[in-house]
Amino acid sequence: MNGILLQLFQDTLVVLVAPILLGWVNQCRAWLQNRSGAGVLQPYRVLIKLFHKDAVLANNASPLFRSTPYILFSSMWLAAALVPVIATDLPLSPAVDVIALVGIFAVARAFISLAAMDIGTSFGSLGARREMLVGFLAEPALLMVFFTASVISHSTSLVTIVETLAHKQFMLYPSLAFAAVAFVMVLLAENARVPVDNPSTHLELTMIHEAMILEYSARHLALIEWAGAIKLLAYITIGIALFVPWGIAEAGDWGALPLALVALFLKLMAAGAGLALLETLSAKLRIFRVPEFLGTAFLLAVLAMLVHYLLGV
Amino acid sequence: MTTPNLPIDIALGVIIYWLLLAVAGLLLQNSRAISQWIFPAGAAGALVLAVSALSSLGGAINVAVLPLGLPDLPFHLRLDSLSAFFLLLLGAASIGISLYSAGYFRHMEGGSLGLLCFEYHIFLAAMALVFLADDAYLFMVAWESMALSSYFLVTTDHNIPETRRAGFLYLLIAHVGAVAILMSFGVMQGGHGDYTFSTMRNAHLTEFWASVTFLLALFGFGAKAGILPLHVWLPEAHPAAPSPVSAMMSGIMLKTAIYGILRVSFDLLGMPLWWWGVLALSLGLATALYGVLFAAVQTDMKRLLAYSSIENIGIILVGIGLGLVFHALNKDALAALALTATLYHALNHSFMKGLLFLGTGSVLHATGERDMGKLGGLIHSMPKLALLVLVGALALAGLPPLNGFMSEWLLLQAFLLSPDLPLPYLNMLVPIAAAALVLAAALAGYVMVKFYGVIFLGQPRMEKTAKAHDIGAWELLGMGWLALGCLLLGLFPVFVIFNLDHVTLMLVGKTLGSTAAQTGWLLLTPIQPERASYSPLVLLVIIVIGVLFTLFVVKKFYHGRLRRGPAWDCGFPAQTARMQDTAEGFGQPIRQIFEQVLGVIREVPSPYDKKPHYHGETRDLFWDLIYLPIAWVAERISALIGKLQQGRIPIYLLYSFVTLIALLAFVR
């Protein structure tokens, strides 16, 4: 019963916090670029604006196009709900392990790419092609990061991984260090951040994610934007769960919950600020440098696994 | 009530029934009667076979001896769990394909349809006999009937030169493979002169001869399965054949080779050596990566699917390799896991690929076009077909909760357990192999988005695509069956694994089912619950609830105003259908990244060309590296031998005379 309550609490939390996290990243970026910024609640204002608008659909939009925002939102929500962020006893988590989690991200990617091709505009298919290019390189890299954590903890269940890693001594594990670098690179690529993509661009030649959602408007666009924010939150919480799991409340330990919430809050703030710093310091890559960037991530992740075998840690 | 030999009697009955249908088709010569009666009747036979095979999984081993064939050389038949599983695969997949054929071939001219119906049912019966054969003699007879009947099916459109060439290539490689299989049986019987499989099981070969047998079998069956470098016939033969035949060949016939490899390496040879597994694993990985890379750059939709079949055979071979390694090192529980994944993937692939090939058949019928770059927008004119193909495409892309993901998940679990292996370097190689496998699986997603997006989405690129007619009732029924299979195999893994248990019990002596269901049928836990668990049904239900909830909230609080208008496209006004990505455009990133592997040939017009001509092609490197040199050598040798043939009788008499003298000199 408590587990179900906790699960519902987390489900609500991730949906509501995600836009604020996005706002925080944008705010940090504004500060770093010497601008005053629009405040952490700006994504919410954008969502409210979009939800007030009339939806415009292209004449030849198919049912696939109309249902994609809902599928995207729902699958990202599921992904974020599965990551143990504040406590480790989530009743849903046995249903989906890390491989299936990567599968859920892949489902979302396949649907948004198909929807982008549905209208049949030049930008839509260009965006879809680039998104799949990023995807086919980022997905194996992400899986290899997970596999490294899996062979360390002898499990592909996210909860077991987090519990094992949280009990490790506080020291530098070379395999996890490699994996962490690879993970950050994948995070940047998968969430359409600089240097792979620029979330604030509408310059034709450089966009990936934005090119795919050009034809969406109003409620559909709002759902997609919101799903994007949840995806960013999911990735950051996965990173937290794998690499800095300390402070999480373990099964049955209710007293630790408030502390876990505070810890999560601080970690998210730090991760958001770090992301903004990374984005400010790097420049956007040419699209054909992206495979090199992601190939590096993939190799680093494989290296992480090999290091684990060689050193045994 | 049940007599012990009932399952094999039913299987034999279905085979005879199919043979009768074949003859009936030949005699009828009436396209309406054949399509409306014979093909559905064939599907009914397939259903009986599938049900009987399913119920005989894990039953007693059935044997039968038929007094046919040569004197003193009767046919031995045997139905064990491995045969039963593959008969189930054959029956279950061919139900859908036969039903579909009833609609697909209805416009074909009566005489040629009669012939096709004859070959089609002979093909079915031959494949069933391959799975039942218990001696090398019957096995080869069935194997060759299968190869010949499928050759005639491939060359149905024999007035097209490419089709004849494709058929020749297929026949050639099939026979090279058959020779290797025959030799492998020859080695395996160990000089007893008795070619039954039971003798082979008891012939204890030395490690050397066992390895020779394994290598010959891998080569021979690999030629049928399309393992690198013997894969070149697949992308030629599949596009040439009518779509239901492609579906049958890719979905079922390739699995006969998988059956052969499993039969030889796990059953007939007894204990495998670990390096066999490593060899199969590496070949499988190379095949998977090569297949999927080439699939990504294809422009012909059936060639794309053929390369995707090569990829999937690679994945299956990886599973076999892993199973062999585990089995050889006495980790039989892990071997059972790897083999379960292998068999599961074989079953899944026959459903997914059957569905997609049938889908291309309907597209071809409606538009007459195989080039993806000329299709597009079919989701509007053929919505039913679009939905069914979407299921197949998502399954083949390995996305949860469908079946393709399920078997890949099991295979990855097997990989993650390999650290327990006792060989130091091997356990380090395995994670790298897992990385390569994951890369292939991710690329499969790329391929399927390209396949579906270019054919079904966007604006129609031709007039006739916009007016295409959707599929009829028979097609809907056949494809619906296969799509349902993709869904159910994905959603209820525990039940599937319980049935696969009988096969792994027979091959390696361990099972997975009771472990997999230790926390109930809803949750699949291949080892321990804390180690890994997955529940596709829960995943699907949650996503559906999420979609409904979101829809409900949006409906409740949103004003719901919606307008239709022209596409925006960043305000660019002159949008035409030709500005969308074609198949070539969509594959361009892959071509650019993997240019070294793909052998890209491109002719780009200069700006001053009066008649600009663009030509792009990706060549299979194995043609230039292996096949053309071999063909060159063969031609040279034939030319030399040809000098003996003068066409004059005195010369030939002289040859006979010299031969006689030589023989007398030696034999004396």
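Annotations
- Residue among A:A249, A:V186, A:C28 farthest towards the positive dipole end of chain A, charges placed on Cβ: A:C28
- Dividing the helix sum by the residues of the protein assembly as shown, where each DSSP H run of 4 or more adds -39500 (n - 2.57), gives a mean residue ellipticity at 222 nm of -23000 deg cm²/dmol.
- The calculated FRET efficiency for the pair A:D89 and A:S67, based on their C-beta separation and a Förster distance of 22 Å, comes to about 0.10.
- With the convex hull constructed from alpha-carbon coordinates only, the protein assembly as shown shows a mean projected area of 46.8 nm² over all directions.
- By other beta-carbon atoms within 10 Å, ranking B:D135, B:D569, A:D89 with the fewest at the front produces A:D89, B:D569, B:D135.
- Loop-resident sites, the stretch A:154-218, for chymotrypsin sites (Phe, Trp or Tyr not before Pro), counting at most 15 other Cβ within 10 Å (DSSP): A:F170
- Taking Cα atoms only, the orientation of helix A:122-153 departs from the longest principal axis of chain A by about 0 degrees.
- Maximal additional length on extending the B:F208-B:I630 stretch stands at 149.1 nm, based on 0.36 nm per residue less the C-alpha distance.
- Here, P(r) means the percent of Cα pairs in each 5 Å bin from 0 to the largest distance; for the stretch A:81-224 it is 2, 9, 16, 19, 17, 13, 11, 8, 5, 2, 0.
- Histogram of C-alpha separations across chain B, 20 Å bin width, %: 17, 50, 27, 5, 0, 0
- Distance (nanometres) between label positions extended 7 Å along Cα→Cβ at B:D609 and B:E162: 2.0
- For B:L505, net neighbour charge (Lys/Arg +1, Asp/Glu -1) across residues whose Cβ lies under 14 Å away: -3
- Measure of compaction for the stretch B:408-538 (Cα Rg per 2.2 N^0.38 Å): 1.46
- Charge dipole (chain B, unit charges on Cβ, about Cα centre) - positive-most of B:P74, B:T659, B:G599: B:G599
- Taking the charge dipole of chain B about its Cα centre, with +1 at Lys and Arg Cβ atoms and -1 at Asp and Glu Cβ atoms, the residue from B:F221, B:L115, B:L339 reaching farthest to the positive side is B:L115.
- Pairs with C-alpha atoms separated by more than 32 Å, drawn from the list B:K464/B:K556; B:K464/B:K611; B:K384/B:K556, are B:K464/B:K556.
- Computed from the Cβ-Cβ distance with R0 of 45 Å, the FRET efficiency linking B:L429 to B:D371 stands at 0.65.
- Neighbourhood net charge (11 Å Cβ-Cβ; Lys/Arg +1, Asp/Glu -1) for A:V134: -1
- Compared with the dominant Cα axis of chain A, that is its longest principal axis, helix A:290-311 is turned about 10°.
- For A:L259 and A:T12, a Förster radius of 22 Å and the Cβ-Cβ distance give a FRET efficiency of 0.65, rounded to the nearest 0.05.
- Shielding by partners for peptide B:531-544, expressed as the average number of C-beta atoms from other protein chains within 10 Å of each residue's C-beta, is 6.
- Which of B:K467, B:K556, A:K53 has the fewest Cβ neighbours within 10 Å, and the rest in rising order: B:K556, B:K467, A:K53
- Computed extension gain for B:V23 through B:R564, at 0.36 nm per residue and net of the alpha carbon distance, reaches 189.1 nm.
- Computed about the Cα centre, the dipole magnitude for the protein assembly as shown is approximately 1920 debye when only Lys and Arg (+1) and Asp and Glu (-1) carry charge, each at its Cβ.
- Simple spin-label estimate for A:H167 and A:L310 in nanometres, 7 Å along Cα-Cβ: 2.9
- Cα gyration tensor, the stretch A:235-313 - rounded (a/c under 1.5), prolate or oblate: oblate
- Evaluated over the stretch B:191-310, the Cα radius of gyration and Dmax, each in Å: 16.5, 52
- Segment B:V179-B:K464, length gained on full extension (0.36 nm per residue, minus Cα span): 97.9 nm
- Over 19 Å between alpha carbons, listed pairs B:K302/B:K374; A:K231/B:K450; B:K224/B:K353; B:K224/B:K255: A:K231/B:K450
- Per-residue Cβ neighbour rank within 10 angstrom, fewest leading, A:H167, B:H238: A:H167, B:H238
- Summed side-chain charge close to B:S94 - residues other than B:S94 whose Cβ falls under 15 Å, Lys, Arg +1, Asp, Glu -1: +1
- Compactness check for the stretch A:2-311: Cα Rg over 2.2 N^0.38 Å is 0.98.
- Virtual spin-label span in nm between B:R668 and B:A60, 7 Å along Cα→Cβ: 6.5
- Think of each Lys and Arg Cβ as +1 and each Asp and Glu Cβ as -1; about the Cα centre, that makes the dipole of the stretch A:2-311 roughly 680 debye.
Laboratory data are not the source of any read-out in this text; all were calculated from the coordinates shown. Computed from a predicted structure; not experimentally measured. With ideal geometry, Cβ positions are generated from the backbone for all residues, glycine too; neighbour counts draw on all protein chains shown.
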